[in-house]
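Reviewing the structure listed below.
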Amino acid sequence: MKALDELTFDNRFARLGDAFSTHVLPEPLDEPRLVVASKAAMALLDLDAAVAETPVFAELFGGHKLWAEAEPRAMVYSGHQFGGYTPQLGDGRGLLLGEVYNEAGEHWDLHLKGAGMTPYSRMGDGRAVLRSSIREFLASEALHALGIPSSRALCVIGSSTPVWREKQERGAMVLRLAHSHIRFGHFEYFYYTKKPEQQAELAEHVLNLHYPECREQPEPYLAMFREIVERNAELIAKWQAYGFCHGVMNTDNMSILGITFDFGPFAFLDDFDAHFICNHSDHEGRYSFSNQVPIGQWNLSALAQALTPFISVDALKEALGLYLPLYQAHYLDLMRRRLGLTTAEEDDQTLVESLLKLMQNSGVDYTLFFRRLGDESAALAVARLRDDFVDMAGFDAWAELYKARVARDGDYTQEQRRERMHAVNPLYILRNYLAQNAIAAAEAGDYSEVRRLHEVLCKPFEEQTGMEQYAQRPPDWGRHLEISCSS
Ligand code: AMP
Ligand code: MG
């Protein structure tokens, strides 16, 4: 374990120079204080959890202090937002403080979100509020615990700094960790500004640091793009299988590493609803739950366009063609496991689709349905779950098919079935209303609820004593919370 001042920096992105990012110092928050820290994320930097409680921790991650070897930079990028191209975006309120490498030899970007104005702030104030910082923190760590690739979050630092949104709120910072903060939009920026040399430098950087195995391939850039396609197909399959709605899948929010990135008005589904739109400002439903699948491909096409200087259009098209079949294979594999199946049959897709249709029509809780399905034998479980469906006859017909399918699947005890299913079907997810409760308490100065919720979400598959209230459907007030984009 290391002390806070013993972190080792190796700022590879900063070394790319001023065409890629701008040196900016964090703007400190008033009266910085620890809201919540992630023990698991701290371990990634070889930091002992206890250092989070020291005053210097809040000073470092509240923008008051900086390591001598940190080189804070605001990155420049662009991107397609809601389908339209915005020529210049960039870190408007976040700074890459530097890259730290740990004892295991991994590099982690330290990105401080809410660190003040930069040359890319446009009309914004460079700040993040407590509410959105808590949401990003909880979501990053919850997704990771579910096995869904995501940026991580080290801590949230609160403050007394006033920040104006729809009303006056308090500023906060969240320290985000990722192996890279390079987005699809980085490539788009250099492509559309016609800077081929810098674009090649960026591509070399990503290839060498993040896809070194692609170097061995006859066409390294193509191999890298293929890998990005594959990772995104798998990522989005996981979102769909677990009911995660990102909300702002602009190409500037898509990571070159295929991880969940840049959290805004995201939501986990409570009731299953394929048409769910979590982003209050997304009037057309471009980023609705079921649209995430084609949008994933759309975003990859936007990246492909930016890579045309390096890769032939035909090869890019062929690689893009991998997306949908790979997505479908991953998705079906996950859904089979969620249903407790260990083998594959041709009709499984129909079995999944017909179940989702029934759930949709009856507003069945997506997470609890699967959890309860594994509590008992298939026959007992469906008999109990049937009450949740309006179309009981429809559900009975599905249940007959399911029971027969389970019988064909194999011979295992109920203990084995439960264990296997509970290992893939979480009991606790980050429901919007749970986040809302934690935020309301934190805004009133009580951080215990954020901390407790974070602890619960770190072990989503494990039933935790005394935590039943975190595994409930939302109360009426929490069913359709509108989360605004302003954060
Ligand atoms: P987002 O919707 O958070 O992905 O942000 C889109 C773009 O707006 C990025 O370039 C952000 O850095 C920038 N941005 C968002 N909020 C702010 C803010 N409060 N101040 C400055 N820039 C911001
Ligand atoms: Mg963003």
task: Please state the charge dipole magnitude for the chain, taken about the Cα centre, from unit charges on C-beta atoms (+1 on K and R, -1 on D and E), reported in debye and rounded to the nearest 20.
output: 560
message: With bins 10 Å wide starting at 0, give me the P(r) of the chain over every alpha carbon pair, in whole percents.
response: 4, 19, 29, 26, 16, 6, 0
query: If you roll a 1.4 Å probe over the range 290-401 with all protein chains in place, what percent of the accessible area is carbon or sulfur?
result: 55
query: Per the helix-only calculation at 222 nm, which mean residue ellipticity applies to the chain, given -39500 (n - 2.57) for every DSSP H run of n ≥ 4 and division by its residues, nearest 500 deg cm²/dmol?
result: -12500 deg cm²/dmol
statement: Within the under-9-Å Cβ sphere about Ser362, not counting Ser362, Lys/Arg +1 and Asp/Glu -1 give a net charge of -3
Under Karplus coefficients 6.51, -1.76 and 1.60, residue-wise ³J(HN,Hα) of the range 79-96 in Hz, glycine/proline x: x, 8, 10, 6, x, x, 7, 10, x, 9, 10, x, 5, x, 8, x, 10, 7
- request: At 0.36 nm per residue, minus the direct Cα-Cα distance, what do Glu419 and Asn208 gain on full extension? Give it in nm, one decimal, please.
  value: 71.9 nm
message: Once you place label points 7 Å from the Cα toward the Cβ at Ser290 and Met1, how far apart are they in nm?
response: 5.0
- prompt: How much length is gained if the chain between Ala40 and Gln328 is pulled fully straight, taking 0.36 nm per residue apart and subtracting their Cα-Cα distance, in nm to one decimal?
  reply: 100.5 nm
- prompt: Tally Lys/Arg at +1 and Asp/Glu at -1 over every other residue whose Cβ is under 9 Å from the Cβ of Asn102; what's the total?
  reply: -2
statement: Among the range 125-148, those whose backbone N falls under 19 Å of a label point 7 Å along Cα→Cβ from Tyr412 are 147
- prompt: What distance in nm separates the simple spin-label points at Glu318 and Lys195, each placed 7 Å from Cα in the Cβ direction?
  reply: 3.3
query: What is the dipole size for the range 1-126, taken about its Cα centre, with +1 at each Lys and Arg Cβ and -1 at each Asp and Glu Cβ, in debye to the nearest 20?
result: 480
message: With a 1.4 Å probe and all protein chains left in place, how much accessible area per residue does the chain have, in Å²?
response: 40
- request: Determine ³J(HN,Hα), in whole Hz, for all residues of the range 235-245 in sequence, where each value follows from phi through the Karplus function 6.51 cos²θ - 1.76 cosθ + 1.60 and θ = phi - 60°; x replaces Gly and Pro.
  value: 4, 6, 4, 5, 4, 5, 5, 9, x, 9, 10
statement: For the range 328-487, the convex hull over Cα atoms projects on average to an area in nm² of 11.1
- prompt: For the chain, list the cysteines whose Cβ sits under 4.7 Å from no other cysteine Cβ?
  reply: Cys155, Cys214, Cys458, Cys485
message: Between the range 22-54 and the range 450-483, what is the separation of their alpha carbon centroids in Å?
response: 25
- prompt: Using a basic spin-label model with each label point 7 Å from the Cα along Cα→Cβ, how many nm lie between Glu103 and Arg479?
  reply: 5.2
task: Under 23 Å Cα to Cα from Lys317, which lysines show up? Leave out anything in the same chain fewer than 8 places away.
output: Lys194
- prompt: To the nearest 10 degrees, how steep is helix 130-146 against the longest Cα principal axis of the chain, on a 0 to 90 scale?
  reply: 60
- prompt: What number comes out for the charge environment of Ser288, summing +1 per Lys or Arg and -1 per Asp or Glu over other residues with Cβ under 13 Å away?
  reply: -2
- line: Per the rule of 0.36 nm per residue minus the C-alpha distance, extending Phe461 to Tyr85 adds in nm 131.3 nm
message: Restricting to DSSP loop positions (anything but H, G, I, E, B) with no more than 14 other Cβ atoms inside 10 Å of their own Cβ, which trypsin sites (Lys or Arg not before Pro) remain in the range 32-124?
response: Arg122
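The values are calculated or read from the model by the stated rules, or taken from the named source; none is laboratory data. Just so it is clear, the structure is predicted and the values come from calculations on it, not from any experiment. Reconstructed Cβ throughout: ideal geometry from the backbone, glycine too, with neighbour counts over all protein chains shown. For accessibility, only protein heavy atoms count, side chains too; no ligands or nucleic acids. Shrake-Rupley method; radii C 1.70, N 1.55, O 1.52, S 1.80 Å.
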